[in-house]
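Input: a single structure, listed below in structure tokens.
The values are calculated or read from the model by the stated rules, or taken from the named source; none is laboratory data. Treat the numbers as computed from the prediction; the structure is a model and nothing was measured. Neighbour counts run over all protein chains shown; Cβ positions are idealised from the backbone, glycine included.
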Ligand SMILES: CC(C)(COP(=O)(O)OP(=O)(O)OC[C@H]1O[C@@H](n2cnc3c(N)ncnc32)[C@H](O)[C@@H]1OP(=O)(O)O)[C@@H](O)C(=O)NCCC(=O)NCCS
């Protein structure tokens, strides 16, 4: 790792400090060899002062115990019917798993406690079928969980709840993760399962708003039930105010930290708000812009600019932020004659391209040029002439639009950049 990578990671630290994350682990993940990495990542999150609540599923453990006891399950994941025999096996498997989890957390020096914070009621009759001992979350005792978090204790929430008569009910852990996140005002839910959506090769989109995630579930009946459930509850959680939900695969050893500490992330994300923002650059953005465009400069897509040059003209720059991180930029340099301006330094970070961000930046540049009274916007481009033509620019050989100084630089650079002009 080089220092630029480290800098990119550290920029997220203040953003997450003191925030609450709900990490929802499938039982199969806890059973797998991937779990040791997850444990270390949880310890890293806590050392960064992120408050973590751990919700766990237990389908794999319930199925294994049922097999051992030769019990036929009515259901293992808390979504379908739970009969008496299934409830009994489930409760045994869940309590063993919760204890094993507490033990594992101790090995990475995390103080944890199982929390009984869920009021539930029987799911009742759904589509004519009595769901037996399957429950629905009625209320989360947020105060109980918050009390643990305030004492630096990580609450472990198993997939069970009690109704007002003290009857134990089997619950679905994805639904619990959603309810817990909403009740605590969490910043994120991280669903960790063994498979990832993009491994299933059904859909390549990596970032969805709540609407698109729901639409995906209804239009893809072939989705495995576990994945459909996470997308469904993730989408509902974002509608109920949880800003981000991430679906990760534990098979990727960098899943948890990679999703959090990189702009691109490694899993699938569902977001609630307009997490994209376009704004005037500030002096403090000069370094970030310099680092952002350095790769395009290396690839000769953009001409080189020093940090000092960017800083000196920082009022000309516009930046596009995602989650508070700059992923695109454009500059509008006014011509001394005041009737025209140059669009320059248009760049969208790799991993964020083809989502319309380039178009958004060009529109912002056009608006800026109009605001300062320009009638024409021009650009010099070596590799994106075709792109600018799509954005309403036309090729021109009227180089007198450039200042003498700019013309000289253009000749010196020998990049044979094309001139493109857009009337405003
Ligand atoms: C050019 C650039 C800003 C486009 O950003 P973006 O966010 O991907 O653009 P949009 O999402 O608005 O548009 C994507 C479309 O433009 C096309 N496109 C991207 N770069 C292109 C190029 N250099 N030439 C022609 N078309 C291009 C894509 O293929 C895509 O087409 P589609 O919609 O048919 O799939 C980005 O690719 C970039 O930063 N490139 C490197 C730097 C550069 O060349 N800057 C321009 C200097 S003038």
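Go through the stretch 380-404 and give me each residue that's over 19 Å from residue 328 (Cα atoms), surrounded by 17 or more Cβ atoms within 10 Å (Cβ to Cβ) and within 14 Å of the ligand (Cβ to nearest atom). Listed by number, the list holds a single entry, 393. Whenever a residue of the stretch 358-384 is more than 18 Å from residue 401 (Cβ to Cβ), its partners that are within 11 Å of the ligand (Cβ to nearest atom) and in a helix (DSSP H, G or I), lying with C-beta atoms within less than 7 angstrom and at least six residues away or across chains, give the pairs 358/387.
Per-residue answers, yes or no, for (1) surrounded by 14 or more Cβ atoms within 10 Å (Cβ to Cβ); (2) part of a strand (DSSP E or B); (3) touching a helix residue (DSSP H, G or I) at 6+ places or on another chain (Cβ under 7 Å):
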{"position": "97", "(1), (2), (3)": "yes, no, yes"}
{"position": "121", "(1), (2), (3)": "yes, yes, no"}
{"position": "135", "(1), (2), (3)": "yes, yes, no"}
{"position": "143", "(1), (2), (3)": "no, no, no"}
{"position": "156", "(1), (2), (3)": "yes, yes, yes"}
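Given the criteria modelled with pLDDT under 85 and either more than 16 Å from the ligand (Cβ to nearest atom) or at positive phi (or both), does residue 264 qualify? Considered against the rule, which asks whether it is modelled with pLDDT under 85 and either more than 16 Å from the ligand (Cβ to nearest atom) or at positive phi (or both), residue 264 comes out as no.
Do we find a residue being touching a strand residue (DSSP E or B) at 6+ places or on another chain (Cβ under 7 Å) and closer than 22 Å to residue 113 by Cα anywhere in the stretch 192-203? Yes, the stretch 192-203 contains at least one residue that is touching a strand residue (DSSP E or B) at 6+ places or on another chain (Cβ under 7 Å) and closer than 22 Å to residue 113 by Cα.
Only one of the numbered conditions (1) farther than 21 Å from residue 283 by Cα; (2) in contact with a strand residue (DSSP E or B) (Cβ under 7 Å, 6 or more places away or on another chain) is violated by residue 370, and that is (2). Listed by first and then second residue, the pairs linking a residue in the stretch 408-424 that is closer than 14 Å to residue 342 by Cβ and more than 16 Å from the ligand (Cβ to nearest atom) to a residue that is assigned to a strand (DSSP E or B) and modelled with pLDDT of 80 or more, with Cβ atoms under 8 Å apart and 6 or more places separating them unless they lie on different chains, are 424/376; 424/377. Within the stretch 267-287, can one find any residue that is assigned to a helix (DSSP H, G or I), in contact with a helix residue (DSSP H, G or I) (Cβ under 9 Å, 6 or more places away or on another chain), surrounded by 19 or more Cβ atoms within 10 Å (Cβ to Cβ) and without any contact (Cβ under 8 Å) to a residue 60 or more places away in the chain? The answer is yes; a qualifying residue exists.
Counting the residues of the stretch 67-86 that are surrounded by fewer than 20 Cβ atoms within 10 Å (Cβ to Cβ) and either assigned to a helix (DSSP H, G or I) or not assigned by TED's automatic domain parsing to the domain that holds residue 176 (or both) gives 5.
Is there a residue in the stretch 302-313 that is more than 24 Å from the chain's Cα centre (by Cα), without any contact (Cβ under 8 Å) to a residue 60 or more places away in the chain and within 10 Å of the ligand (Cβ to nearest atom)? Yes, there is a match, as at least one residue in the stretch 302-313 is more than 24 Å from the chain's Cα centre (by Cα), without any contact (Cβ under 8 Å) to a residue 60 or more places away in the chain and within 10 Å of the ligand (Cβ to nearest atom). Select from the stretch 314-331 the residues that are closer than 27 Å to residue 412 by Cβ and away from the ligand (no atom under 15 Å from the Cβ) and write down the one among them that is surrounded by the fewest Cβ atoms within 10 Å (Cβ to Cβ). Here the residue is 315.
Being under 22 Å from residue 410 (Cα atoms) and near the ligand (Cβ under 7 Å from one of its atoms) is the filter here; which residues of the stretch 345-379 pass it? Selection gives 346, 347, 379.
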